[in-house]
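Contents: one structure, followed by commentary.
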Amino acid sequence: MPFLVIGGDAAGMSAASRAKRHRPDLDVIVLEKTADVSYSACGMPYNIADPSRPIDDLVVRRAEVFRDKQGIDLRTGIEATAIDPEGQTVCARDKEGREHTFGYDKLLVATGAVPITPPIPGIDRPGVMVLKSLAHGRAMKDFIDRHAVRKAVIIGMGYIALEMCEALRVRGIAVDMIKPRASFLPWMEEGLADQVRAEVEARGVGVHPGHRIGEIVQQGDRLAVVAPDLTLEGDLVIVAAGIAPASELAAAAGLQTSVAGAIAVDARQRTSNRDIYAAGDCADAFHVVTGQRTWIPLALRANRAGWAVADNVCGIDRRLAGVVGSAVFKVFDLQVARTGINADEARAAGLEPETVVIKSRSRAHAHPGASDIWVAMVGDRGSGRLLGVQMVGRDGVAHRLHAPAVALHAHMTVEQFSLTDLGYAPPFGPTWDPMLTAANQLLKRL
Ligand SMILES: Cc1cc2nc3c(=O)[nH]c(=O)nc-3n(C[C@H](O)[C@H](O)[C@H](O)COP(=O)(O)OP(=O)(O)OC[C@H]3O[C@@H](n4cnc5c(N)ncnc54)[C@H](O)[C@@H]3O)c2cc1C
């Protein structure tokens, strides 16, 4: 009986490839409902920004390579419709509507996530688009080219919304952003979020948080996003209002779900059924800082969880420590990074957070190219533990995050982190790295 995988992107293809590497004799079948497998969704905003690059540049490995070189029975254009855990079978439907049944010895659900489309009248109009799959990216890029888009409205202000805002501005398209919630980046310390907002506004983008959207209407050649006190027109409307785990199939089969409806898994990525695993954006994870279940849908975790499933299916006992929620993104010239939890999340987890916000420099004093770095660092008054770091700046932010991320994995106290031996040379930072300065300041308050 085969190792059957539902979903052929980051988590699913990582698992299928590694399982085949461990055991070339293993029968590995992957069901993927679209025509696309193994592509970099994360690269889509940057690809869309560049009209000269075909979107298929983002395909990391083509389906034929998985089939011909790796011996994976990869079936595209076939959608799993039901899982029968008792009978150990999966029902699926192909593009012609034919029904198929696949038996399995071990099953991996790697169905990813789906974009949230709020129930706004007119959200289904042509020209209102989401960006999740490669097909979405293809459609969006094609739409921008064919309709010579001059103006766009983005609903949402999360990282994908901000990356798309930059991509559109690079193409000379005017952008307005709108969302119902009043705060710009609610998870971020206000002082740091203000830096990001200022960067976006400095590029001529209209930033309109705190507006409940009533409807999307056709207004002449254009669409209009209508709120009670504001109407924003655009040739294109991008809905970037978040994602939800694609867990219906698993839930309908009786598998346990947890945070945000994600499929609950243990450290081995096993679901509540011992023969069924889940990995990637559809599955939850343990948060290393809180010890609680969390749902943080990002690419490294999806790939790593896929590997862990392959190991366990092939008899190698692999348990994952969990995630610390490290995430980085870029918006125009600003790098934005976070790891761990913020003060609100700490309080919700029963901790006693103390936060310090500092401004430091990315390179040594007066070194060419040095610029400001803002750091927010959170520690726990009770235990002295480091809980999280946020950072914003133009230089040296993204990779600087790795030090506190590792410290969180090691459950370090702020004091222990403040005593770590980080590297120094003028082109890379001040003698006291901004991470150490923040830790020293936080230590005084704990
Ligand atoms: C625009 C964008 C930018 C991003 N940028 C970053 C970034 O910078 N950093 C980062 O860490 N992450 C980023 N991400 C998130 C990252 O892409 C995801 O975490 C990752 O793709 C998750 O992989 P996955 O395999 O779990 O799910 P997916 O990539 O969603 O793949 C799931 C697959 O399952 C298939 N499927 C679903 N249901 C069925 C079914 N019933 N039958 C058959 N097939 C099915 C889907 O068609 C899909 O191909 C970004 C995402 C987007 C959209």
Any residue on another chain or 5+ positions along whose placed amide H is under 5 Å from the amide H of Arg318 is listed here as Asn312
Roughly speaking, to the nearest percent, how much of segment 328-386's 1.4 Å accessible area is carbon and sulfur?
48
Anisotropy class of segment 1-66 from Cα gyration tensor, a/c 1.5 cut:
prolate
Counted charge near Ala246, where neighbours are those whose Cβ lies closer than 15 Å (Asp, Glu -1; Lys, Arg +1)
-4
For Glu64, Glu199, Glu86, Glu96, the accessible-area ranking with a 1.4 Å probe, largest leading, is Glu86, Glu96, Glu64, Glu199
Mind giving me the nanometre distance, one decimal, between the label points for Arg53 and Arg293, set 7 Å out from Cα along Cα→Cβ?
3.8
Average projected area [Cα convex hull, segment 95-136], square nanometres:
5.3
Accessible-area order for Leu446, Leu419, Leu162, Leu300, largest to smallest, probe 1.4 angstrom, reads Leu419, Leu300, Leu446, Leu162
Name the long-range amide H neighbours of Ile154: under 5 Å, sequence gap of 5 or more, or other chain; modelled H, no Pro or chain starts.
Asp176, Met177, Ile178, Ile238
For segment 160-166, just list the computed ³J(HN,Hα) in residue order, Karplus coefficients 6.51, -1.76 and 1.60, θ = phi - 60°, integers in Hz, with x standing in for Gly and Pro.
5, 4, 5, 5, 6, 4, 5
If you roll a 1.4 Å probe over the heavy atoms of the protein chains, what accessible area per residue do you get for segment 1-146, in Å²?
47
Bins of 10 Å, starting at 0 and running to the largest distance - Cα pair percent for segment 69-178
10, 31, 24, 21, 12, 1
Charge dipole magnitude, Cβ of K and R +1, D and E -1 - the chain, Cα centre, debye nearest 20
620
Taking +1 at the Cβ of each Lys and Arg and -1 at the Cβ of each Asp and Glu, which of Ala113, Gly158, Val170 sits farthest along the dipole of segment 104-187 towards its positive end, judged by Cα position relative to the Cα centre?
Val170
Normalise the Debye intensity by I(0) for the chain, one equal point scatterer per Cα, no solvent, then take log10 at q = 0.07, 0.11, 0.13 Å⁻¹ and round to two decimals.
-0.39, -0.97, -1.26
Under 10 Å, Cα contacts only: if you run a Gaussian network model on the chain, which one of Trp295, Trp432, Trp374 comes out with the highest mean-square fluctuation?
Trp432
Go through segment 344-354 residue by residue and turn each phi into a ³J(HN,Hα) via Karplus (6.51, -1.76, 1.60, θ = phi - 60°); whole Hz please, and just put x for glycine and proline.
5, 5, 5, 4, 4, 8, x, 9, 10, x, 10
Nearest-10 value in Å² for the accessible area of Thr431, using the 1.4 Å probe
90
From largest accessible area down, sort Asp25, Asp395; use a 1.4 Å probe on the protein chains.
Asp25, Asp395
Compactness of segment 275-375 as Cα Rg over 2.2 N^0.38 Å, two decimals
1.43
Computed over the chain, the relative contact order (Cα-Cα under 8 Å, seq sep at least six) in percent reads 14
For segment 216-222, in residue order, the Karplus 3J(HN,Hα) values (coefficients 6.51, -1.76, 1.60; θ = phi - 60°; whole Hz; Gly and Pro = x) are 10, 10, 7, 10, x, 6, 10
Cut-off under 5 Å, modelled amide H: who pairs with Thr81 long-range:
Cys91, Ala92, Arg93
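The values are calculated or read from the model by the stated rules, or taken from the named source; none is laboratory data. Computed from a predicted model, the values in this text were never measured in an experiment. Neighbour counts are summed over all protein chains in view; Cβ atoms, including those assigned to glycine, are modelled from backbone coordinates with ideal geometry. These accessible areas exclude ligands, DNA and RNA; they are computed on the full protein's heavy atoms, side chains included. Shrake-Rupley method; radii C 1.70, N 1.55, O 1.52, S 1.80 Å.
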